[in-house]
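In what follows, a structure is listed as structure tokens, so that the remarks can point back to it.
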Amino acid sequence: MALLLVAIGAYAQDPDEPIENYDAWNGLAANIAYLGWAVGILVALGYYIKLSTTKGSKEKYDFINKYEINSLWIAAIILIIGGCFFANAAVTHLTPVYIGVRIFVTIAMGLIVAVIVQNLLKFYYPFYIEKRLKVLRYMPRISPKTGKPMKLLSEEEEDAYLDEGMQAEENVFSVDYDVWKDEETGFIQIEKYAGHLHALQCPECNYQTFKVVKEEIMKQPTDTEEGEIIKHYQCGYCGYKAKKSVILKQQTKMEQSTAPA
């Protein structure tokens with residue numbers, strides 16, 4: 001972009017016009033660019049430092065999910081703004097028309113780069129995040145009682161440690177719970193995850209933008225019969241829609257379990 005602006009300037013300049021000194025502006029624009037780049041790098045670096053000092057797989061999971069894409073997007077915007085100033089830090093000639101051309105080209109190029117980065121973070125980067133989050137979620141938890149790895153209970157086993165409200169949340173897929181158990185001491189650790197936290201890969205466009213937009217409970221589960229729920233999916237990128245029937249397991253009475261001290 002800088003070469004394009006210099007070329008336009010060379011073309012627009014009249015050799016008979018006096019050469020003006022734009023050193024003050026060029027120095028200011030360069031300093032703003034360097035400052036912007038420094039701030040952008042510090043934003044990204046600050047995020048990763050905070051992530052590296054966050055203890056616990058669940059805590060890291062929540063931190064990545066909540067802050068990573070937003071932090072990288074903010075850092076990218078600041079870096080792009082710095083680049084726009086840097087591209088205008090070598091002015092040798094200005095006219096009213098040339099000022100308009102510079103502003104237009106700078107904004108256009110900045111927006112193009114911003115859209116590219118936004119699409120990368122929105123449609124491609126979630127694949128990378130999903131893999132990291134999956135590793136963190138299923139990484140064995142260490143029991144604070146014995147210091148040994150705990151066991152992740154199956155969907156059937158964990159119901160004994162979830163109250164009726166928790167089970168109801170899982171049945172309608174609004175929340176997902178993981179239950180880890182120290183089999184030596186009976187210590188239980190319950191972790192809560194959002195049921196629709198992450199989009200799936202769209203079967204039509206293959207972007208990770210396929211989400212549940214509506215759920216219809218067709219039949220409530222009872223003590224003797226299973227229920228049914230219809231999940232409606234829609235792709236946020238290409239608009240592809242699909243629906244899936246999910247069977248809800250029978251309601252069961254809670255088992256009371258007390259872990260030994």
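The values are calculated or read from the model by the stated rules, or taken from the named source; none is laboratory data. All values reported here derive from a predicted model rather than from experimental measurement. Neighbour counts run over all protein chains shown; Cβ positions are idealised from the backbone, glycine included. Accessible surface areas use protein heavy atoms only, side chains included; no ligands, DNA or RNA. Shrake-Rupley method; radii C 1.70, N 1.55, O 1.52, S 1.80 Å.
Tabulated data
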item	result
Solvent-free Debye scattering, log10 I(q)/I(0), computed from the Cα coordinates of segment 25-175 at q = 0.17 Å⁻¹	-1.07
Accessible area in the full protein assembly, largest first, 1.4 Å probe, for TRP37, TRP25, TRP180	TRP25, TRP37, TRP180
Heavy atoms of ILE103 accessible to a 1.4 Å probe, total area in Å² rounded to 10	100 Å²
Candidate aspartates and glutamates for bridging to LYS231, where Cα separation is under 12 Å - those fewer than 8 sequence places away on the same chain excluded	GLU215, GLU216
Phi-based couplings in Hz for segment 35-51 (Karplus 6.51, -1.76, 1.60; Gly and Pro marked x)	5, x, 5, 5, 5, x, 5, 5, 4, 5, 5, x, 4, 5, 5, 4, 5
24 Å Cα-Cα threshold exceeded, pairs from LYS66/LYS211; LYS55/LYS145; LYS66/LYS192; LYS50/LYS131; LYS60/LYS131; LYS60/LYS244	LYS60/LYS244
Long-range amide H partners of ASP176 with built H, under 5 Å	TYR193, ALA194, GLY195
In order through segment 57-62: 3J(HN,Hα) via Karplus (6.51 cos²θ - 1.76 cosθ + 1.60), integer Hz, x for Gly, Pro	4, 5, 5, 5, 4, 5
Euclidean distance of C-alpha centroids, segment 94-118 and segment 130-182, integer Å	51 Å
Segment 16-65 - Debye-derived log10 I(q)/I(0), Cα point model, q = 0.15, 0.17, 0.25, 0.32 Å⁻¹	-0.60, -0.66, -0.89, -1.07
Calculated FRET efficiency for the pair VAL135/VAL115, C-beta based, R₀ 35 Å, to 0.05	0.70
Stretchable slack from GLU59 to GLU204, in nm (0.36 nm times residue separation minus alpha-carbon distance)	48.8 nm
Virtual spin-label span in nm between LEU42 and GLU183, 7 Å along Cα→Cβ	5.2 nm
Estimated vicinal HN-Hα couplings, Hz - segment 227-242 in sequence order (Karplus 6.51, -1.76, 1.60; Gly, Pro = x)	x, 9, 10, 9, 9, 9, 10, 8, 7, x, 9, 9, x, 4, 10, 7
